[in-house]
Every structure is written in structure tokens, then in C-alpha cells.
Amino acid sequence: MNNKLKLAFDNEMAQAKVAYNNANYDLSFKHLEFAHILGQKYVIPHTISHCWMLKVGWQRSDVREVIGQTFRIIASVIFSRIWVPKGNTGGADVNPLKPMPIPDELKQYIDE
């Protein structure tokens, strides 16, 4: 992960954690989705984003998110280096195999 991408990922994670600690789970999840997009090609960042999504799902008592993230955590360890659907936000509400458009604010960090 290049330095620019790592800084962007770390920034999104930091913002997600602040929102989480303030019980603003919707905002936390939005930052986690951005972190997921930025880190999905790298095993550790990818897995970290899913672990935090699981935490948010747990706090929301969202059974679908908790179950979905449990499977996505396992998949992130196995598939991050092999293949990931570019732009996928990583939540349980989206198909884990579906490529998605990269948000404009993240395009500068992602190789097209």
C-alpha cells in the first residue's frame, strides 16, 4: 500500500472510530465503507474494515450485518490478494462480488 493510500485509509478509519465512539453508527459505517474501498486489495486493512463493520452491526443489533461481516472477514483473509470487486463498499447490504463505482472523493487514491 503506497503512503498516500495508507494515509487516506488511516484517515477514514480514524473518522469511523470517532463516530463509533460517539454512537453515530451511520456515520461510522459510511467511513468504514470508504476505508473498505481504499483497503480492499490488502489483507490487513481489508480485514480491519470488516471487523469494524461487524462491531457497528453488533451495536445496531443488525443480525444480517453481523452474519454478513462474519463471512466477509473470512473472505477478506483469503481473497484480498487474489481478487476483489473494485469499489465494493463491503456492507452486508451489497453483493460481495459486485464491482461498484468509486466515489469521486476516493478516485485520487485508486488506480483505475
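In the context of the full set of protein chains, the chain has a per residue accessible area of 57 Å² (1.4 Å probe).
Placing unit charges on the Cβ atoms of the charged side chains and taking the dipole of the chain about its Cα centre, the candidate lying farthest along the positive direction among Q108, V94, V66 is V66.
Each of L5, I48, Q15 was placed along the dipole of the chain (beta-carbon charges, centred on the mean Cα), and the one lying farthest toward the positive end is I48. Working note: Karplus 6.51/-1.76/1.60 with θ = phi - 60° gives the stretch 14-26 the couplings 4, 5, 4, 5, 4, 4, 4, 5, 9, 6, 9, 5, 5 Hz, where Gly and Pro are set to x. Here K98 is the anchor, and the lysines within straight C-alpha reach of less than 20 Å, apart from those fewer than 8 places off in the same chain, are K30, K41, K86, K107. Please state the shape class of the stretch 12-99: rounded when a/c is under 1.5, otherwise prolate if a/b exceeds b/c and oblate if not, all from the C-alpha gyration tensor. Here the stretch 12-99 falls in the prolate category.
The values are calculated or read from the model by the stated rules, or taken from the named source; none is laboratory data. Keep in mind the model is a prediction, meaning the values are calculated, not measured. Cβ: placed from backbone, ideal geometry, glycine included. Neighbour counts: every protein chain shown. We work out accessible area using only protein heavy atoms, side chains counted, and drop any ligands, DNA or RNA first. Shrake-Rupley method; radii C 1.70, N 1.55, O 1.52, S 1.80 Å.
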